[in-house]
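Structure record follows, encoded as structure tokens.
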Amino acid sequence: MDHPLIDLINQKIAEAEADGEFENLTGQGKPLPKVDDPENALINRLIKESGGVPEFVSLSRELQKLREELRETGDRTRRQDILKEMSMMEARIEIARKAHR
């Protein structure tokens, strides 16, 4: 089944083409860049351009905060909880790294 707006989309593309909006584009006549994951290339580029980071990076930042909290905490119960959280966080980081590869 076609997209419900396919006729409008095709009309807008035809108008842009007629107006010359597709002429003299950057990279015109050059091959597209090689990508490791063509299915997700656009999503990956948008995430990168918007400052997004892989999950393992954000998890590593959270782990660093837990380490800092552990250094500053004297409460034994809280220290045990932090150590448990750190252990789980390290496992999550490893899984995220493997998924990222």
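Of everything in segment 46-67 that is in a loop (DSSP other than H, G, I, E, B) and of a type outside the set (Ser, Thr, Tyr), the residue that is farthest from Met88 (Cα to Cα) is Gly51.
The single residue among Leu46, Leu32 that is closer than 24 Å to His100 by Cα, without any contact (Cβ under 8 Å) to a residue 24 or more places away in the chain and surrounded by 10 or more Cβ atoms within 10 Å (Cβ to Cβ) turns out to be Leu46. Just a yes or no: is a residue in segment 1-23 over 23 Å from Ile93 (Cα atoms), modelled with pLDDT under 80, outside any helix (DSSP H, G or I) and aliphatic (A, V, I, L, M)? Looking through segment 1-23, at least one residue is over 23 Å from Ile93 (Cα atoms), modelled with pLDDT under 80, outside any helix (DSSP H, G or I) and aliphatic (A, V, I, L, M). A single member of Arg97, Arg45, Arg79, Arg101 is under 28 Å from the mean Cα position of the chain (by Cα), at pLDDT 85 or above and on the phi < 0 side of the Ramachandran plot, and it is Arg97. Counting only residues that are surrounded by fewer than 12 Cβ atoms within 10 Å (Cβ to Cβ) and in a helix (DSSP H, G or I), segment 68-82 holds 6 of them.
The values are calculated or read from the model by the stated rules, or taken from the named source; none is laboratory data. This structure is a prediction, so every number in the text was calculated from the model and none was measured. Please note: Cβ atoms are built from the backbone with ideal geometry, for glycine as well, and neighbour counts cover all protein chains shown.
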